[in-house]
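The values are calculated or read from the model by the stated rules, or taken from the named source; none is laboratory data. On a predicted model such as this, the values are computed, not experimentally measured, just so you know. Because the Cβ atoms are built from the backbone with ideal geometry, glycine has one as well, and the counts that use them run over all protein chains shown.
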Amino acid sequence: MSASATALTIILVIIVLGSLIGFRAGAHREMDLEQWTVAGRGFGVMLVWLLLAGEVYTTFSFLGASGWAYSRGGPTLYILAYLTLGYVVAFFVLPPLWEVAREHGLQTQSDFFRQRYGSVPLAALVALVGVVFIVPYLELQVDGMGIIVEVASFGAIGRRGAMALGAALVAAFVFASGVRAVAWVGVLKDLLMLGAAVAIGVLVPLHWFGGIGPMFRALIHAHPTHLTMPGSTRNLGHGWYISTVLLTALGAYMWPHLFGTSFTARSADTLRRNLVVLPLYTITLPFLLFAGFAALLVVPGLANGDLSLLTLVRKTFPPWLLGTVGGAGALTAMAPSAILTLTASTLFAKNLYRPLFAPDMSDDRVAALARRAAVVIMGVAVALALTNSKTIVTLLLIGYAGIAQFFPGVVLGLFWRRAHKVGVFSGLAVGIAAAVVLLLTGRDPFMGMNAGFVALAINLAVTILVCLAISPDADAAPMPVTPRAAPVPGMPRATAGADPS
Amino acid sequence: MKRRPSWLAVALGLIPFVAICFTVSLWDRVRPVVAGLPFNVFWLMLWMVLTPACLWGAYRFERRAAEERPEASEPPAADEIRRGPPEEPR
C-alpha cells in the first residue's frame with residue numbers, strides 16, 4: 001500500500017469509528033427538537049464537562065495555533081493566555097447565568113436576552129448575530145478538514161477536491177447525528193488529541209534537534225525575533241496582544257453553543273468547581289505551538305502556515321502515524337462543526353424566524369426548518385472556505401469580533417439593575433456595526449489594537465451611556481421577582497430537567 | 001438581579017489578568033531560558049497552573065459570601081439538586 005493510501009485509510013477508519021460511536025449514542029431515539037439540540041437535557045456532569053472543555057481542542061488549536069506559530073511567531077502566544085483567562089471570566093459569569101436559566105427554563109442565549117430585557121427585537125438581533133458569526137468558526141473547521149485530506153493524500157487530492165471531500169464528511173456526520181453523538185465523539189477526540197499533541201510536541205523536537213530545549217536554541221539562533229512580539233508580523237505588538245486577549249477572554253463563553261451548554265449543568269456550584277480546574281486542561285496547547293516552531297526550521301517556506309503541523313508530521317513519522325494524527329484532527333473538525341451547525345440552525349429557526357414571522361409555528365415544524373437551515377449554513381461555510389484563503393486563527397478572530405459584543409448585555413444584565421433593552425440594543429448594534437466596518441475596510445489592527453476590541457469598547461460605552469440617559473420602561477422591569485416564572489412566551493414549555501416545578 | 005461576586009474573589013480573579021495580559025511588555029522576552037523554554041512561553045505555561053490556585057481561592061470566598069447571605073440566589077437545597085437532569089440512560 002502506498003504511503004498516502006495507508007494514511008487516508010487510517011483517517012477513514014478513525015472517522016468511521018467516531019461516527020459509529022455517535023450513531024450508537026443516537027440510535028433508538030425520536031429526533032425531535034429537544035433531542036436534536038439539547039439531547040433532551042439528559043447529560044450527566046461528565047458529558048457537560050467534556051462539551052465545555054472540549055472547545056480547547058478543535059481544528060483551531062490543532063492546525064490554526066501551530067500554523068500561526070509557524071507563520072507569525074510571538075503573537076500566537078495570545079492563544080496560551082486567552083483560554084486561561086476565559087475560564088476566569090466564566091467562573092464569575094456562568095454560575096449566576098445558570099441560576100437565571102434555571103429559574104426561567106431558558107434554552108438558548110437569545111432566550112436569556114428575551115427574558116432579561118423583555119424585547120423580541122433584541123432577542124432576534126442576538127440570534128442573528130450569533131448565526132452570522134458562527135459561520136467563520138464553521139468555515140475554519142471545513143478548512144482544517146480540507147487541509148488534513150490534502151496533506152494526508154501527499155498532494156494526490158488537490159486543495160479544492162480535499163475541501164469538498166472534507167466538507168462532505170463533516171456534513172454527513174452532522175445530519176446523521178445530533179448533540180448526543182457529538183458529546184460521545186468528544187471523548188474519543190479529546191483522548192486522541194491529548195495524545196497527539198504531546199507526541200508531536202515532544203517527539204518531533206526530539207527527532208530533529210534532540211529535545212525541546214535544543215529546538216528553541218536553534219530557533220533563537222536562526223530567527224532571533226520570531227519568538228517575541230510582534231514576531232514575524234509588522235503590526236501585532238503588545239497593544240494588539242492585550243486587546244486581543246481581552247476580547248477573546250471576555251468573548252470565550254459568549255459563543256452561543258458554549259453559552260447554552262452551561263445551562264445543562266447540575267448546579268451553579270458544580271459549574272464553579274469545574275471552572276476552577278479547567279485551565280489545567282489547556283496545558284497541552286503549548287506542545288502544538290512547539291510543533292509550529294519546529295516546522296519553521298524543518299519545513300521552511302510553506303505558503304500556508306496552517307499546513308505546517310501535518311507537513312512536519314508527514315516528514316517525521318511513518319504514514320500510519322500521519323493517518324492517526326490526521327484522524328484525530330478530522331474528529332476535532334467534525335465534532336465542533338456538528339455543534340456549531342446545530343446551534344446556528346436552531347437559533348435561526350427558534351429564536352429568529354418563529355418569533356418574527358410565524359409565532360404559532362409548531363415545534364415539529366421548527367425542527368424541520370432547523371434541519372433545512374443547517375443545510376444552508378453548512379453550504380455557506382463550505383462556499384466561503386473554497387473561495388477565501390484566510391488563516392484559521394484569523395477566521396476565529398473575525399468570529400470573536402462579533403460574538404464578544406454580547407458581553408455587555410449579558411454581564412450588565414446579570415449584575416446591573418439599570419441595564420435595559422434600549423441601552424443594550426443600541427450598544428450591540430453600534431458594536432457590531434463598528435466591528436463589521438473595521439474588518440471589511442481592512443482596519444484590523446486599528447491603531448495598534450484588535451478591531452473587535454475597539455468595537456467592544458464602543459459597545460460598552462454606548463450601552464452604559466444610553467442606560468444612564470434613558471430610564472427603563474415600566475413594562476420591562478428587569479428580572480421579574482417571581483421565582484420559576486412561566487416559560488418565555490412563544491417558546492415550547494422548557495422541559496428543563498433542572499426545573500423542578 | 002444576581003448577587004455580585006465578593007470583591008476578594010474578584011481581586012483574586014484579576015491576578016491572572018495582570019500576570020499574563022496587562023504586564024506583557026515585562027515578560028515578553030526570550031531570556032532567561034527556563035527549562036529549555038523561552039521566558040514568555042514558560043511564563044504563560046506557569047500561569048496555566050497558578051490560575052486554578054487563584055480560582056480556588058475565589059471559590060472559597062464565594063462560598064463564604066453565599067453562606068453569609070443565603071437569601072441571595074445560591075445553589076438550591078440538596079434535595080432540589082438531585083431532581084436535576086437524569087443521568088445518561090444506558
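Points to keep in mind about this one:
- The lone exception for A:ILE283 - which of (1) under 22 Å from the mean Cα position of the chain (by Cα); (2) within 14 Å of chain B (Cβ to nearest Cβ); (3) surrounded by fewer than 23 Cβ atoms within 10 Å (Cβ to Cβ); (4) over 22 Å from A:LEU63 (Cβ atoms) it fails: (4)
Condition check ((1) without any contact (Cβ under 8 Å) to a residue 60 or more places away in the chain; (2) part of a helix (DSSP H, G or I); (3) surrounded by 24 or more Cβ atoms within 10 Å (Cβ to Cβ); (4) within 14 Å of chain B (Cβ to nearest Cβ)) across all residues:
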| position | (1), (2), (3), (4) |
| --- | --- |
| A:THR270 | no, yes, no, yes |
| A:VAL277 | yes, yes, no, yes |
| A:LEU288 | no, yes, yes, yes |
| A:SER308 | no, yes, yes, no |
| A:THR311 | no, yes, no, no |
| A:LYS315 | yes, yes, no, no |
| A:GLY323 | no, yes, yes, no |
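Yes/no per residue for (1) part of a loop (DSSP other than H, G, I, E, B); (2) of a type in the set (A, V, I, L, M); (3) free of Cβ contacts under 8 Å to residues at least 24 places away in the same chain; (4) away from every other protein chain (no Cβ under 14 Å):
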position: A:GLY195; (1), (2), (3), (4): no, no, no, yes
position: A:VAL198; (1), (2), (3), (4): no, yes, no, no
position: A:VAL202; (1), (2), (3), (4): no, yes, no, no
position: A:GLY213; (1), (2), (3), (4): no, no, yes, no
position: A:LEU219; (1), (2), (3), (4): no, yes, no, no
position: A:HIS226; (1), (2), (3), (4): yes, no, no, no
position: A:ARG234; (1), (2), (3), (4): yes, no, yes, yes
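- Residue that is modelled with the lowest pLDDT [pool: residues in the range A:229-274 that are among the aliphatic types (A, V, I, L, M) and more than 30 Å from A:PHE293 (Cα to Cα)]: A:ALA265
- Flag for A:THR343 being buried (at least 24 other Cβ atoms within 10 Å of the Cβ), within 14 Å of chain B (Cβ to nearest Cβ), under 22 Å from the mean Cα position of the chain (by Cα) and not hydrophobic (A, V, I, L, M, F, W, C): no
- Residue within the range A:381-400 that is closer than 20 Å to A:PRO121 by Cα, at pLDDT 90 or above, surrounded by 17 or more Cβ atoms within 10 Å (Cβ to Cβ) and in contact with a Gly (Cβ under 8 Å, 6 or more places away or on another chain) present: no
- Of all residues in the range A:401-428, those that are among the small types (Gly, Ala, Ser) and more than 22 Å from the chain's Cα centre (by Cα) total 5.
- Taken together, the residues in the range A:244-260 that are assigned to a helix (DSSP H, G or I) and away from chain B (no Cβ under 13 Å) amount to 9.
- The residues listed here are A:ILE377, A:ILE398, A:ILE464, A:ILE432; of these, the one that is assigned to a helix (DSSP H, G or I) and over 25 Å from A:GLU139 (Cβ atoms) is A:ILE464.
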